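Enquirer: I have a structure here, written as structure tokens, and I will follow up with some questions on it.
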Amino acid sequence: MPSGHVPPETAAPGTTTHAPATTPRRKAIPLPVVIETLIWIVVAVVAIGLYLSWTAGRLDRLHARIDAARAALDAQLLRRASVTQELASSGVLDPAASIVLYQAAHAARQAEEEQREVAESELSQALRAVFGEAAQVEAVQAAPGGEDAAGELAAAVRRVPMARRFHNDSVRAARALRRHRKVRWFRLAGHAPFPLAFEMDDEPPVALADRPA
């Protein structure tokens, strides 16, 4: 064998040779696909954010409407109690009816929030007891200044149910929205208290409710 010549390695009989193992290369994701995916993710996040923002705004508007409706209801209840007290103090009613109405109206005006519904209901019951018959309303109208007093009281007792209905409708709408899972999960209501309806007996006396305005 000539010097300086390295013979090639030969495999032993009965053995096989293997090519060196190579790691398969992953196929790269095309850049346009990545960009498109990111764009859709951003669009979805923005859409969800806008929807949640719109829902939170709607909830805020409902809470504001509840506050306004409650203020209007309080004003109508105060007006009813004030007119009742004025009528009870005017001398156009018999002493027993005057005492019943004055005490019920005074209790409604002085009641704490926890007892407000009960006190206002008792005033409604007192008004129905005194003005349950048309003859009592006619007696008030026949007295000096009684026509105006009866008209003011009739308007007051009719406005209370309308104001309460508007308030409670607003409460129901807000409560229905706040029960949604997205509102609870994302705490869209913040720290606003759960709205409560105002439940009371607001049925007016028939003789006053049927009186022409």
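The values are calculated or read from the model by the stated rules, or taken from the named source; none is laboratory data. Everything numeric in this text was worked out from a predicted model, so none of it was measured. Quick reminder, even Gly has a Cβ in these numbers, built from the backbone with ideal geometry, and neighbours come from all protein chains shown. For the accessible areas, the whole protein counts, side chains as well, though only heavy atoms, and no ligand, DNA or RNA atoms are used. Shrake-Rupley method; radii C 1.70, N 1.55, O 1.52, S 1.80 Å.
Enquirer: Sort through Val45, Val118 and tell me the only one that's open to solvent by 60 Å² or more (accessible area, probe 1.4 Å), among the β-branched types (Val, Ile, Thr), at pLDDT 95 or above and under 30 Å from the mean Cα position of the chain (by Cα).
Expert: Being open to solvent by 60 Å² or more (accessible area, probe 1.4 Å), among the β-branched types (Val, Ile, Thr), at pLDDT 95 or above and under 30 Å from the mean Cα position of the chain (by Cα) holds for just one of Val45, Val118, which is Val118.
Enquirer: Return yes or no: is Leu127 in contact (Cβ under 8 Å) with a residue 24 or more places away in the chain, in contact with a Ser or Thr (Cβ under 9 Å, 6 or more places away or on another chain), assigned to a helix (DSSP H, G or I) and not charged (D, E, K, R)?
Expert: yes
Enquirer: Yes or no: segment 179-187 includes at least one residue that is crowded, with 20+ Cβ neighbours inside 10 Å and over 19 Å from Ala209 (Cβ atoms).
Expert: Checked against the condition, which is being crowded, with 20+ Cβ neighbours inside 10 Å and over 19 Å from Ala209 (Cβ atoms), segment 179-187 yields no hits at all.
Enquirer: Quick check on segment 139-154: of everything there that is within 41 Å of the chain's Cα centre (by Cα) and open to solvent by 40 Å² or more (accessible area, probe 1.4 Å), which residue is nearest to Glu199 (Cα to Cα)?
Expert: Within segment 139-154, the match that is nearest to Glu199 (Cα to Cα) is Glu152.
Enquirer: Suppose we filter segment 170-213 for residues that are without any contact (Cβ under 8 Å) to a residue 40 or more places away in the chain and outside any loop (DSSP other than H, G, I, E, B); how many remain?
Expert: Of the residues in that region, 6 qualify.
Enquirer: When segment 87-108 is examined, which residues are found to be surrounded by fewer than 15 Cβ atoms within 10 Å (Cβ to Cβ) and outside any loop (DSSP other than H, G, I, E, B)?
Expert: The answer is Ser89, Pro95, Ala96, Ile99.
Enquirer: I'd like to know if segment 130-138 contains one or more residues that are farther than 20 Å from Gln76 by Cβ, more than 27 Å from the chain's Cα centre (by Cα) and surrounded by 20 or more Cβ atoms within 10 Å (Cβ to Cβ).
Expert: Of all residues in segment 130-138, those farther than 20 Å from Gln76 by Cβ come to 132-138.
Retained after the next criterion (residues that are more than 27 Å from the chain's Cα centre (by Cα)): 132-138.
From what is left, the residues that are surrounded by 20 or more Cβ atoms within 10 Å (Cβ to Cβ) are 137.
Yes.
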